[in-house]
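Remarks on the structure that follows.
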Amino acid sequence: MALDLERVRADTPGVQRRAFMHNAGSALMPAPVVRDMKNHLDLEAEIGGYAAAAARAQELEDVYLKVARLLNASADEIALTENATVAWQMAFYALQFGPGDRILTAQAEYAANYVAFLQVARRTGAVIDVVPSDGEGMLDVAALERMIDHRVKLIAVTWVPTNGGLTNPAAEIGQVARAHGIPYLLDACQAVGQMEVDVQALGCDMLSATGRKFLRGPRGTGFLYVRRELMRRLEPPMIDHFAAPWVAMDRYQLREDARRFETWENNYAARLGLGAAVDYALEIGMGPIRERCLHLAGRLRAGLHSLGSARVHDLGRSPSAIVSFTIDGVPAAEVVAAAGRASITIGVSDPASTRLDAEARSLPPVVRASPHYYNSEDEIDQLLDLCTNLPAA
């Protein structure tokens, strides 16, 4: 399936009722995703959860292969989780830190990750060091290189932050990490589904992502990639008898694959929906998806720049499909509410979600619009018209 706008909009019934541009929050699922989930729930209602899982065992197993294909990884390097936060935490908390060990991260790091750094620093005496940004707001790779010493035990970066439009130089960061043998954990929540994600080219050792954002999968799904050579040296912070079978009265044995980061119970309907979402994206092609996303976001930014009352707060040389802005005299929450009354769905990003960046730039709550490939140019223009005509508070 090429990127046939008419067809993808037909597969997305919600667009008939609203201009949905909140894909950095939770995107609209395409019909095949919803259908696969409903079919499995119907089967569970008919024959029970265990029998339904057994009946679709091969399809459930294939989800690992699909995610691996999406990331250019191997299926044994993939764990499926309840969400991206669990995926990230299982990787991060499996690492060992001691007094003086350094964690290097970026200025626009996401709150959920940064509070985990703070907790580990408090527990272990590890140190958090923030790599400076370059003149365009991206992580400064040259500065990262200068910060490397024997105490650096982790480089952990959000590739596409939750606001600010930024796309960090993830592959260049990976080159530094590989050159120095430092584990590299990449949060790809906002990248997966809007651009190509190739863990070999990125050079990351671990990558976490969600299904619900640009990938257009269901909520309650996420996944973790862990490079095989590192994965087999890591013991998850928590285990059960799926991750580590109880092989003798006094002994367990960790699985040999990334499923050591999973637990036994999970939502099979959601997993099948995740697999369908991956299929849908790959059938269209990540190249065409990325091109369409950037076109629509670029149209929105250009239109906002032309408004005397709008301030775009995006950074970087190649901004993502997340557009962050404010309207003079109108609080972000009021912009979002006015958009909702006009059947346009957008969101607000609070400074607490990226506190380092927000405080450095003195950002208030900002409006976050995140168009996706199923949006039309007319919908972008509807949002611009709304912003043009907003009365100041």
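Read-outs: derived from the displayed coordinates by stated rules, not from any lab. Computed from a prediction, not measured in an experiment: that's the story for all the values here. Neighbour counts are summed over all protein chains in view; Cβ atoms, including those assigned to glycine, are modelled from backbone coordinates with ideal geometry.
Side notes on the structure shown:
- Ascending count of other beta-carbon atoms within 10 Å, so fewest first, for C204, C293: C293, C204
- Legend: ranking of residues H22, H180, H241 from fewest to most surrounding C-beta atoms inside 10 Å; resulting order H241, H180, H22.
- The chain: DSSP helices with Cα axial extent of at least 15 Å and average Kyte-Doolittle hydropathy no lower than 0.5: 268-284
- Going from the residue with the fewest nearby Cβ atoms within 10 Å to the one with the most, M37, M249, M206, M286 rank M249, M286, M37, M206.
- For region 153-224, the gyration tensor built on C-alpha atoms gives a prolate shape. Its axis ratio a/c (a ≥ b ≥ c) is at least 1.5, and a/b is the larger of a/b and b/c.
- Near-label residues of region 20-51 by backbone N, under 20 Å of a point 7 Å along Cα→Cβ of E283: 27-41
- Fully extending the segment from Y50 to L230, taken as 0.36 nm per residue of separation minus the present Cα-Cα distance, adds 61.5 nm.
- With K and R counted +1 and D and E -1, the other residues having a Cβ less than 12 Å from that of D140 yield a net charge of -3.
- Values (1) 27.9; (2) 20.5; (3) 19.0 are given for comparison; mean projected area of the Cα convex hull in nm², derived from the coordinates here, is the one labelled (2).
- Here region 195-234 and region 311-363 have alpha carbon centers that stand 27 Å from each other.
- Considering only beta bridges that DSSP places wholly inside region 169-253, some 65 percent are antiparallel.
- Most simply put, the chain has about 55% antiparallel DSSP beta bridges, counting only bridges with both residues inside it.
- Relative contact order, whole percent, for the chain stands at 24, derived from Cα pairs under 8 Å and 6 or more residues apart.
- Rounded Å value of the spacing that divides the Cα centres of region 11-50 and region 87-152: 36
- With a simple spin-label model that places each label point 7 Å from the Cα along the Cα-to-Cβ direction, the separation between D4 and A31 comes to 1.1 nm.
- Net charge of Cβ neighbours under 12 Å - reference T162; Lys, Arg +1; Asp, Glu -1: -1
- Paramagnetic label zone (point 7 Å from Cα along Cα-to-C-beta, R361; backbone N under 13 Å) in region 326-352: 326, 349-352
- Charge context of E46, other residues only, Cβ under 13 angstrom, K/R +1, D/E -1: 0
- Peptides 309-316, 212-219 ordered by average Cβ neighbours within 10 Å, highest first: 212-219, 309-316
- Where trypsin sites (Lys or Arg not before Pro) fall in DSSP loop in region 228-293, at most 12 other Cβ within 10 Å: R233
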